[in-house]
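One structure is given here, and the rest of the page talks about it.
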Amino acid sequence: MVDYKTLGLVNTKEMFARAINGGYAIPAFNFNNMEQLQAIIKASADLKSPVILQVSKGARKYANQTLLQYMAQGAVEYAKELGCKHPEIALHLDHGDSFETCKSCVDFGFSSVMIDGSSLPYEENIALTRKVVEYAHQFDVTVEGELGVLAGVEDEVVAAESHYTKPEEVIDFVSRTGVDSLAISIGTSHGAYKFTPEQCTRDPKTGKLVPPPLAFDVLDAIMVKLPGFPIVLHGSSSVPQEYVDIINEYGGKLPDAVGIPEEQLRKASKSAVCKINIDSDSRLAFTAAVRKVLAEKPGEFDPRKFCGPARDEMEKMYKHKIVDVLGSDNKLAQLD
Ligand code: G3H
Ligand code: 13P
Ligand code: ZN
């Protein structure tokens, strides 16, 4: 059993409470490798932002459980080395799919876990989520549950269309499970293809796809039912057009990739939405930088020469999200 507190990590309770009161959201950035982790820590430490390091089941398999634990501990020390004396870093399981996966993460030093029972029948989602909460809370590990189904691919769950969270269910779900935060479906979606061209309109000036707006009416209704309760948005990458263009220019093929407009995420951040998940934008930044270097310097074979620029590009992107979209810069409890 590894206690996350001995690794220097924190759970999400305090950071969420401050985010709701302060009208901003905490970034939850996924990572799979060292360069992503370095970029996340550099961005959040430089900007004095709390941050959630998010690990999916696939990332856990890719990176190795034991290495992950030491990487998270190393991340805390790295943030301090960068001059951030009191970093607030949570290590969170993204889309946990079973009690066993969640338990294993709690036992290995995660400070927060998500149990994603959103594809299960309602009562089964409640029973599974409750079981994870009962275990995790013994160790002061926070738990995120989910109600409603996002469009796109949610790990092994393929939802052809989204099913918005039903506001009439949220009080019952939260009170019977005891979750610390709730992921909801209001029109966001995972991956770089969040909407089909048919679901979008086209901007007559630029010819670019304009996605349908998020269902803020559903979010408002949920906030009325659960005043002051932490809400989470998954699938919140914006799919920056400049990365898509670079990827396509240098041999990639990402036709009609489209994400969530940043103004809408900014608006959501000012509400009870206090955790915003971003993964695909980091993948796009990384891939754009790597493709560009390798296309321009075909003789290059030192991975540092293309992983380095990829890391710089991700750091730039994370900083932009923190400052211009989520508003979490300078929000550590102790800024000195
Ligand atoms: O929501 C899914 C995350 O982007 C993680 O993706 O399962 O491919 O690691 P992954
Ligand atoms: P994106 O694919 O939009 O980055 O969403 C990531 C996510 O929700 C991770 O749980
Ligand atoms: Zn997700």
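The values are calculated or read from the model by the stated rules, or taken from the named source; none is laboratory data. Model, not experiment: these values are computed from the prediction. Using ideal geometry, Cβ is built from the backbone for each residue, glycine included, and neighbour counts are taken over all protein chains shown. Calculation scope for accessible area: heavy atoms of the full protein, side chains included, ligands and nucleic acids excluded. Shrake-Rupley method; radii C 1.70, N 1.55, O 1.52, S 1.80 Å.
Laid out as a table, the results:
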item	result
Residue-wise HN-Hα coupling along the stretch 40-51, computed from phi with Karplus coefficients 6.51, -1.76, 1.60 (Hz; x: Gly, Pro)	5, 5, 4, 5, 6, 6, 4, 9, 6, 10, x, 8
CD proxy at 222 nm, helix term only [per DSSP H run n ≥ 4: -39500 (n - 2.57); per residue of the chain; nearest 500]	-13500 deg cm²/dmol
Restraint check, Lys13/Lys321; Lys57/Lys225; Lys48/Lys225, Cα-Cα greater than 29 Å	Lys57/Lys225; Lys48/Lys225
Candidates Asn30, Asn64, Asn277, ranked by Gaussian network fluctuation over the chain, Cα under 10 Å, top entry	Asn64
The chain, relative contact order in percent, only Cα pairs under 8 angstrom and at least six apart counted	22
Kirkwood hydrodynamic radius of the stretch 83-218, from inverse mean 1/r over distinct Cα pairs, in Å	16.4
Cut-off under 5 Å, modelled amide H: who pairs with Ile26 long-range	Lys275, Ile276
Protein accessible area in the chain, 1.4 Å probe - carbon and sulfur %	55
Cβ-Cβ FRET estimate between Lys103 and Arg202, R0 fixed at 56 Å, reported to 0.05	0.70
Against the rule of thumb 2.2 N^0.38 Å, how large the Cα Rg of the stretch 227-306 comes out	1.41
In Hz, Karplus ³J(HN,Hα) per residue of the stretch 198-210 (6.51, -1.76, 1.60; θ = phi - 60°; x = Gly, Pro)	5, 7, 9, 10, 10, 5, x, 6, 9, x, 7, 6, 10
Cα-centre dipole for the chain with unit charges at Cβ (Lys and Arg positive, Asp and Glu negative), debye to 20	660
Cut-off 14 Å between beta-carbons: net charge of the residues surrounding Met1, Lys and Arg +1, Asp and Glu -1	-1
Shape category assigned to the chain from the gyration tensor of Cα positions, a/c cut at 1.5	oblate
Longest to shortest principal axis, alpha-carbon extents of the stretch 65-107, angstrom	38, 18, 14
Dipole magnitude of the stretch 96-241, debye to nearest 20 (Cβ charges: Lys/Arg +1, Asp/Glu -1, about Cα centre)	540
Gyration tensor (Cα) of the stretch 1-151, equivalent ellipsoid semi-axes in angstrom	25, 17, 14
Rounded to whole Hz, the Karplus (6.51, -1.76, 1.60) HN-Hα couplings of the stretch 265-279, x for glycine and proline	6, 4, 4, 5, 4, 7, 9, 6, 5, 10, 9, 10, 8, 9, 10
Mean-position separation - Cα centroids, the stretch 63-112 and the stretch 174-243, in angstrom	26
